[in-house]
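Structure first, then comments.
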Amino acid sequence: MRFIVAEKKTPHGILLVITDANLLGKKHEEENKQLDLANKFYLGEKKNEKEIATLLNTAYILHLTGTKAVELGVKSGLIDKRRTITIRGIPHAEAVLEK
C-alpha cells in the first residue's frame, strides 16, 4: 500500500499528514464534517509503510486519513481506534504526541 505523506513544520514540532494514496483529490462531506482531500494540505510524497515507521518517531502531531493510514497509527500504538471518526466511511484520526 502506498501513502501520501506530508511533513509540515510547526513551532512545536513536525505535523505528519498520512493519507491513503487512493483517496487523494476527493472531497467528502457528512453532516457537519468534511474531508477535503483535494486541498494542498494533503499533498506530499509517496511512501511505503516501512518509510513511514521511521517518520512516526519524529512527529509531534499526527493527521491520518484512510483505512490503512489509521491502521498504521493504531498498530504503532499512537492512535486509539475508539477515538477515530469516519466521514463517508473513511476513517480519520489525529493525535498530539508527547515527547
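The values are calculated or read from the model by the stated rules, or taken from the named source; none is laboratory data. Because the structure is predicted, anything quoted here is derived from the model rather than measured. Cβ atoms come from the backbone with ideal geometry, glycine included; neighbour counts cover every protein chain shown.
Overview of results
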item	result
Evaluation of ALA53 against (1) in contact with a strand residue (DSSP E or B) (Cβ under 8 Å, 6 or more places away or on another chain); (2) under 22 Å from GLU7 (Cβ atoms) (one fails), failing number	(1)
Filter result (out of contact with any Leu (no Cβ under 8 Å at 6 or more places or on another chain), among the hydroxyl-bearing types (Ser, Thr, Tyr) and assigned to a strand (DSSP E or B)) within segment 59-99	THR86
Residue match in segment 40-48 (condition: touching a Ser or Thr at 6+ places or on another chain (Cβ under 7 Å) and among the aliphatic types (A, V, I, L, M))	no
Unmet requirement for ASN32, which otherwise passes all of (1) out of contact with any Ser or Thr (no Cβ under 9 Å at 6 or more places or on another chain); (2) modelled with pLDDT of 95 or more; (3) surrounded by fewer than 16 Cβ atoms within 10 Å (Cβ to Cβ)	(2)
